[in-house]
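First the structure, in the form of structure tokens, and then the observations on it.
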Amino acid sequence: MEFSLSSLKRLNHLLIHRIKRFLIFRFVEFAAIVRRHFAAKPWLYKLLLHPALVPCLRPVGLWKAWYCEQQALRNCPAYRQFRHQSEGQVVLRDGWLPDFSSVPPVDKENYVRRFSLAERCQSGQLPVRGAVLDTSSGSTGKPSVWVRGEEERVAVAQVMQVALRAQVPGKQILFINAFALGPWATGMCVSYSVSREVLLISVGPDVAKILDVLSNPDLSPDKFTYVIAGYPPFLKMLVDSARGIVDWSDYQVVAFYGGESMSEGMRDYLLKSFSKVYGDYGASDLEINIAAENDMTVWLRRTLQANSQFRHAVNAYLAELPGRAAMREAVPHIFQYNPLDYLIESNSEGELLVTLCRAANASPKIRYNIHDYGFTMSYEELSAILKKCGLSMPNFAAGSAFALVGLPFLFHYGRSDLAAEYYGCKIPPAAIEKILFEDAEMAASINSFRLFSYEDSADHSKRLSLALEIGSGVPHPGAEKVAEWRHFIFEHLAQDSQDFREADTIASSRGIRPSLECFGFRSGPFADSDIRMKAKYVEQRSLEGV
């Protein structure tokens, strides 16, 4: 009798679970139809992001993620085989909310490199029409090939068009796409996404062509608001190259950057020429425009840097999360994202896991680990922290400011595999960039930098060297100035980072200090630089022969 009762309970539980799944999935399918109609009309789509509706987005996003996970299990051969070889499944918590914590994450090593491109697509076949193949930059190794189906490209484009118009209201937009064009993911995706909303010119990272556009009388600034999109190093190169040629005050220019981080020092540097500078979080592995900066997130990041009480409060929140040691001293980028489209979690190492909540995607991404450090925080949680610190957000509804009230925040600390290791500490490129832009002379003289962490072949000691690339046409600073810069940079790094301060103490007790070298434009370790690609900031190798 006891066995029979327990069997009935299990059967009842399974039946209730299946009924809930059936109801949830039918709702998701209906919601997808409604969503497509809303996305076709920007004013309707904005209703989805109204503060009154925002509390509904997270549970619906969780349901969509569950639906996509089940569709991938059913239709994607690679994902089905991957899950067959591992344990874990989605369970319902609090009655109706899916919990993905036991579902194994995928990444390049355990999934992308194990299965072919076709196997990772729905039905095990590449789309025969309407799809695009593009590649990543290969910043962490060999470039990978990704496939984007027609429906997902349209969906991403619609969202980006709405966001662009919201952030750049007013006059007609002349959008100058300075991302690399050709097979690389970002440039072509950006051009496709914005073309229906703006007047577009895709020039790639070419300073001369952009200056030609700006000087064209048919494209005069009284007719247009200009948007220039590119990697941060190129935006700086553009500003430096245009010095004495372009009077930026004659133009209203909004800069959008992506692909890598930007310090607030560099943002300030660019804001001397541009009216606004916004960043975007995305990845070739996933898609562009997963999360974006706006006036509110920029204010939050600047406040985080300037207000120690707020910083300590956020760090206290961070202390409760896994992987906190990797993030405790870095200054994160802060973005907002739509939980209706993306489920973003953190694993035990503090790395982000992203699920694309769009079942029509040609190649499903379920809990994909791109190996970026970060965490998410709800709007309510962050507002409560600000209130405890005696802070309140400015009225971003006034003037030309732009913010999304109610949407959750993504705190992004950069790639977990893109940092120089030195006596137990990790030095992210953003930490160096921040310091370089704290000195006006350095900021104007330096085009790029690269950190080298290596083992000395003579005594096998760990060494750290910073290479600086001097800008085009800028004279070499000389030995005395190089020594001055070396002292400035590493003293400030020790002030900013307790981990580096401890590592430097250990190293200096053995007579080891970080070194600094300056190289001419496109020489030494920078000879292979390609402005079309994301900059390479860290190398774990010897400097011999450089």
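The values are calculated or read from the model by the stated rules, or taken from the named source; none is laboratory data. This is a predicted model, so every value here is computed, not measured. Note that each Cβ is placed from the backbone with ideal geometry, even for glycine, and that neighbours are counted across all protein chains shown.
Yes/no matrix, rows are residues, columns are (1) under 14 Å from the mean Cα position of the chain (by Cα); (2) under 21 Å from residue 53 (Cα atoms):
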{"position": "305", "(1), (2)": "no, no"}
{"position": "314", "(1), (2)": "no, no"}
{"position": "320", "(1), (2)": "no, no"}
{"position": "332", "(1), (2)": "yes, no"}
{"position": "336", "(1), (2)": "yes, yes"}
{"position": "378", "(1), (2)": "no, yes"}
{"position": "388", "(1), (2)": "no, no"}
{"position": "391", "(1), (2)": "no, no"}
{"position": "394", "(1), (2)": "no, no"}
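Which count do you get for residues in segment 359-373 that are more than 15 Å from residue 79 (Cα to Cα) and either in contact with a Pro (Cβ under 6 Å, 6 or more places away or on another chain) or crowded, with 23+ Cβ neighbours inside 10 Å (or both)?
Let us first name the residues in segment 359-373 that are more than 15 Å from residue 79 (Cα to Cα), namely 360, 370-373.
Of the ones still in play, those that are also either in contact with a Pro (Cβ under 6 Å, 6 or more places away or on another chain) or crowded, with 23+ Cβ neighbours inside 10 Å (or both) are 373.
Of the residues in that region, 1 qualify.
Could you run through segment 240-286 and say how many residues are more than 17 Å from residue 207 (Cβ to Cβ) and part of a loop (DSSP other than H, G, I, E, B)?
14
Would you call residue 200 surrounded by fewer than 20 Cβ atoms within 10 Å (Cβ to Cβ), under 27 Å from residue 159 (Cα atoms) and touching a helix residue (DSSP H, G or I) at 6+ places or on another chain (Cβ under 7 Å)? Steps first, please.
On the way: surrounded by fewer than 20 Cβ atoms within 10 Å (Cβ to Cβ): yes; under 27 Å from residue 159 (Cα atoms): yes; touching a helix residue (DSSP H, G or I) at 6+ places or on another chain (Cβ under 7 Å): yes.
It is true that residue 200 is surrounded by fewer than 20 Cβ atoms within 10 Å (Cβ to Cβ), under 27 Å from residue 159 (Cα atoms) and touching a helix residue (DSSP H, G or I) at 6+ places or on another chain (Cβ under 7 Å).
Pairs please, first residue from segment 280-309 and within 23 Å of residue 152 (Cβ to Cβ) and without any contact (Cβ under 8 Å) to a residue 24 or more places away in the chain, second anywhere and outside any loop (DSSP other than H, G, I, E, B) and basic (Lys, Arg), Cβ atoms under 8 Å, 6+ apart in sequence or on different chains.
From segment 280-309, no pairs qualify.
Identify the single condition in (1) surrounded by 14 or more Cβ atoms within 10 Å (Cβ to Cβ); (2) touching a Pro at 6+ places or on another chain (Cβ under 7 Å) that residue 88 does not satisfy, given that it satisfies every other one.
(1)
Might you let me know whether segment 187-196 holds any residue that is under 25 Å from the mean Cα position of the chain (by Cα) and modelled with pLDDT of 90 or more?
So in segment 187-196, the residues under 25 Å from the mean Cα position of the chain (by Cα) come out as 187-196.
Imposing the further condition that a residue be modelled with pLDDT of 90 or more reduces the set to none.
The answer is no; no qualifying residue exists.
Let me confirm something: among 249, 308, which residue is surrounded by fewer than 19 Cβ atoms within 10 Å (Cβ to Cβ), modelled with pLDDT of 90 or more and small (Gly, Ala, Ser)? Steps first, please.
Details: 308 fails: modelled with pLDDT of 90 or more.
The conditions single out 249.
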